[in-house]
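The values are calculated or read from the model by the stated rules, or taken from the named source; none is laboratory data. This one's a predicted model, so the numbers in the text were calculated from it and none came from an experiment. Methodologically, a virtual Cβ is constructed for each residue, glycine included, from the backbone with ideal geometry; neighbour enumeration extends over all protein chains shown. Note: accessible area is taken over every heavy atom of the protein model, side chains too, but ligands, DNA and RNA are not part of it. Shrake-Rupley method; radii C 1.70, N 1.55, O 1.52, S 1.80 Å.
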Amino acid sequence: KNQVEQSPQSLIILEGKNCTLQCNYTVSPFSNLRWYKQDTGRGPVSLTIMTFSENTKSNGRYTATLDADTKQSSLHITASQLSDSASYICVVSAPSGGSYIPTFGRGTSLIVHP
Amino acid sequence: DGGITQSPKYLFRKEGQNVTLSCEQNLNHDAMYWYRQDPGQGLRLIYYSQIVNDFQKGDIAEGYSVSREKKESFPLTVTSAQKNPTAFYLCASSIRQGTGELFFGEGSRLTVL
């Protein structure tokens, strides 16, 4: 069964500090991996997408890494800001008949304190 | 601006009532989806539609119904048969032959009284 496991479940850090969120998956075959940010009470928004051949991708203060051999990904947030407080969801997609089937992780809840 | 609009944002329902959640998109996307989100759980797929007049059950379709009469619209009806309907519902759309990125609406929170 395809699964996506995220850790930690929740994380509290001080403003300005860095943090790293983890994502392990068993989805096969693999098409791509995305990190989404979901503010409380809002819909998720895509931060990064990574395909099999990509190891690192950055989007401002967000840097995602992918190790397709060990089926692990991480999302590193640099110099955190209060607005980074949100849930971060790892989504791994498998190809299916010209489309994709996404499997969602449960998310990591990040709280940034001033 | 292009996007996905869900309404209402908040909805209260008495037990035994059916309610319909609206989802409209002007992104010209072929595929549309409905997800349910509960605290501490990942998004679970209720229904999805790849083209007009066609839709497929997801993992938790029991107690829900949908229609796709227009490309832009994919309403979800939560019926009285859904035993635990209180949840946050998210509608999403995607390009059928794209990278699989899902574009989400702002969500609808349904509470059963």
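Pick out the one residue from B:ARG13, B:ARG36 that is among the charged types (D, E, K, R) and within 14 Å of chain A (Cβ to nearest Cβ).
B:ARG36
Could you run through the range B:51-101 and say how many residues are in a loop (DSSP other than H, G, I, E, B), of a type outside the set (D, E, K, R) and more than 14 Å from chain A (Cβ to nearest Cβ)?
Residues flagged as in a loop (DSSP other than H, G, I, E, B), of a type outside the set (D, E, K, R) and more than 14 Å from chain A (Cβ to nearest Cβ) within the range B:51-101 amount to 14.
Only strands (runs of 3 or more DSSP E) wholly contained in the range A:19-112 count here; list those with 1 or more residues that are under 24 Å from B:THR5 (Cβ atoms).
Per the criteria, A:32-38, A:45-51, A:86-96, A:99-104.
For A:THR70, all conditions in the list (1) among the β-branched types (Val, Ile, Thr); (2) more than 22 Å from B:PRO39 (Cα to Cα); (3) buried (at least 16 other Cβ atoms within 10 Å of the Cβ) hold save one; what is the number of the exception?
For A:THR70, the exception is condition (3).
When the residues of the range B:33-69 are filtered to those that are at negative phi and in contact with an Asp or Glu (Cβ under 9 Å, 6 or more places away or on another chain), which remaining residue is surrounded by the most Cβ atoms within 10 Å (Cβ to Cβ)?
Among those that are at negative phi and in contact with an Asp or Glu (Cβ under 9 Å, 6 or more places away or on another chain), it is B:ILE46.
Mind checking which residues of the range B:56-70 are closer than 18 Å to B:GLY100 by Cα and under 12 Å from the mean Cα position of the chain (by Cα)?
B:GLY58
Are there any pairs, at least 6 apart or on different chains, whose C-beta atoms fall under 9 Å, with the first in the range B:35-60 and within 15 Å of A:GLY107 (Cα to Cα) and the second acidic (Asp, Glu), and if so, which?
If the second residue must be acidic (Asp, Glu), the pairs left are B:ARG44/B:ASP38; B:ARG44/B:ASP59.
Please go through the range B:102-113 and give me each residue that is more than 9 Å from chain A (Cβ to nearest Cβ) and open to solvent by less than 60 Å² (accessible area, probe 1.4 Å), ordered by number.
Correct list: B:SER108, B:LEU110, B:THR111, B:VAL112.
Just need a number here: residues in the range A:21-57 that are more than 11 Å from chain B (Cβ to nearest Cβ), over 19 Å from A:ASN2 (Cα atoms) and loosely packed, with under 13 Cβ neighbours inside 10 Å.
So the answer is 3.
For the range B:79-97, check the following and say yes or no: at least one residue is at pLDDT 95 or above, open to solvent by less than 50 Å² (accessible area, probe 1.4 Å) and more than 16 Å from A:ARG42 (Cα to Cα).
No: the range B:79-97 contains no residue that is at pLDDT 95 or above, open to solvent by less than 50 Å² (accessible area, probe 1.4 Å) and more than 16 Å from A:ARG42 (Cα to Cα).
Given (1) surrounded by 18 or more Cβ atoms within 10 Å (Cβ to Cβ); (2) within 14 Å of chain B (Cβ to nearest Cβ), identify the lone condition not met by A:ASP84.
Exception for A:ASP84: condition (2).
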